[in-house]
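In what follows, a structure is listed as structure tokens, so that the remarks can point back to it.
The values are calculated or read from the model by the stated rules, or taken from the named source; none is laboratory data. Note that this is a predicted model, so its numbers are computed, not measured. Here the Cβ is made from the backbone with ideal geometry for all residues, glycine too, and neighbour counts use every protein chain on show. Note: accessible area is taken over every heavy atom of the protein model, side chains too, but ligands, DNA and RNA are not part of it. Shrake-Rupley method; radii C 1.70, N 1.55, O 1.52, S 1.80 Å.
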Amino acid sequence: GRFVCLKVFEKMKIQSVFKDKDTLKERKFVFANTPQGFDLYEEEPVQKGIIGTSVELCNIKPEFDKKFPRNLPDIAKEILMHFQLYFIQKDVPEIVLENDGSNIIVNLNNLFEREFINDVNDKPFNVGEETFTLYLSKSYNNVQSHKIHFCAHNRSVIDEGLYKRIIDLGKTSIKQKGDDREFYYQAFVVGDFLDENVDTERVGFNFPKGEDEEGEDEEKQTEDVTLAKIRRAAVETIEELLSTYLNQVRTEKMEKYRPFVYDKMPQYRAILSKKENEVKKLQPNLSPEKLDIELYKIDAKWKQEVKEKGIELIDKKKDITSLDEFKKSYNSYIDDFNEVGKSELARYVVHRKAV
């Protein structure tokens, strides 16, 4: 933190009054970008004084002058957003901002309770025997995307974009009805396991990352807690907390894609019903060419599943223990098989017309 201050300001003046056994002392020094670092050091006994420390940031550098917030409410919100997790977990002292020559006073704790706490949701989740908590909040300042933060000791250690995990959050800020402000979602994952396994530099964790896509099934079978497992469980928790919003976005997306598929791509009609959840998770506003490719991927995977189901039924026929259960599986397979046939016929007709 000290070096960040010296990136923006020329120097810091520190003055502190403290008790050393029964003696009251005052210590002063300047922290600046010099070979010594600490300059003008003084320490001496004093007869009276208020115990405490003051830090004065002096001479803001020109390149930061225009960016630096000037009014107290803006500064208060900047501090709140930076230390949001501390406030969420109520792990902060009382912080009051005052401006010399002004009657404006801002209590950050009260500001958080008044304006921010209503935007925070929390939900516990488990990975193996380990318990974690996810806090989901809205950030109105200083962020450029929806993010998930894996935290230790109330500080973000690793942060990742959420767009690739939950496409329907989009890449741009969100504006909800009845609120003129635009925001990005920020998710914070905390837990004893993360606190105990953070590395000494607090830039990573001392446990395996694991696999995200390739090798995911094998990775799930191990009992080790990995970052990939924590991430998947956290994303599922975010999906639950935002289910109302995400369902609305996905429904609107389906209403847009459905007429286009029926009119232009009839070969994919079946997967709109058979694989609706997967279609709902496609990116919004896809071009016709990209929509064709994404639907083709879902279609190919579904046909493979139907093929495997048919092979499984043929093997199962040799040893049927429940006729009703077999009939149910058989009818389900025939229904899917017929839909595949319709899809292939539609594909052939579209291809013939194109030729």
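A few remarks follow.
- The set of residues in region 231-273 that are among the hydroxyl-bearing types (Ser, Thr, Tyr) and under 32 Å from the mean Cα position of the chain (by Cα) comprises Thr237, Ser243, Thr244, Tyr245, Thr251, Tyr257, Ser273.
- Residues satisfying the stated conditions in region 68-85, i.e. surrounded by fewer than 16 Cβ atoms within 10 Å (Cβ to Cβ) and either part of a loop (DSSP other than H, G, I, E, B) or touching a residue at least 60 places away in the same chain (Cβ under 8 Å) (or both): Phe68, Pro69, Arg70, Asn71, Glu78, His82
- Selected residue (only one of Phe116, Phe150 is open to solvent by less than 30 Å² (accessible area, probe 1.4 Å) and at pLDDT below 85): Phe116
- The set of residues in region 236-276 being of a type in the set (Gly, Ala, Ser) and crowded, with 18+ Cβ neighbours inside 10 Å consists of Ala270 alone.
- Asp159 meets all of the listed conditions (1) crowded, with 17+ Cβ neighbours inside 10 Å; (2) assigned to a strand (DSSP E or B) but one, namely (1).
- Residue match in region 303-322 (condition: at pLDDT below 75, on the phi < 0 side of the Ramachandran plot and polar (S, T, N, Q)): yes
- Any hit, region 118-130, residues being within 23 Å of Asn71 (Cβ to Cβ) and within 18 Å of the chain's Cα centre (by Cα): yes
- Just one of the listed residues (Glu78, Glu94, Glu113) is under 29 Å from the mean Cα position of the chain (by Cα), under 19 Å from Arg2 (Cβ atoms) and acidic (Asp, Glu), and it is Glu78.
- Residue selected from region 119-147 under the condition among the β-branched types (Val, Ile, Thr) and either outside any strand (DSSP E or B) or touching a Leu at 6+ places or on another chain (Cβ under 8 Å) (or both), by the criterion least open to solvent (accessible area, probe 1.4 Å): Val120
- Members of region 162-175 that are touching a residue at least 60 places away in the same chain (Cβ under 8 Å), open to solvent by 60 Å² or more (accessible area, probe 1.4 Å) and more than 29 Å from Asp199 (Cβ to Cβ): none
- Region 277-292 residues that are more than 15 Å from Asn247 (Cβ to Cβ) and open to solvent by 70 Å² or more (accessible area, probe 1.4 Å), paired with ones that are modelled with pLDDT of 80 or more and part of a helix (DSSP H, G or I) (beta carbon under 6 Å, 6 or more apart): Gln283/Ile167
- Qualifying positions in region 1-59 - outside any helix (DSSP H, G or I), open to solvent by 50 Å² or more (accessible area, probe 1.4 Å), closer than 29 Å to Ile79 by Cα and of a type in the set (Val, Ile, Thr): Thr34, Ile50, Ile51, Thr53, Val55
- Members of region 177-199 that are open to solvent by less than 60 Å² (accessible area, probe 1.4 Å) and either part of a loop (DSSP other than H, G, I, E, B) or of a type in the set (Gly, Ala, Ser) (or both): Asp179, Ala187, Gly191, Asp199
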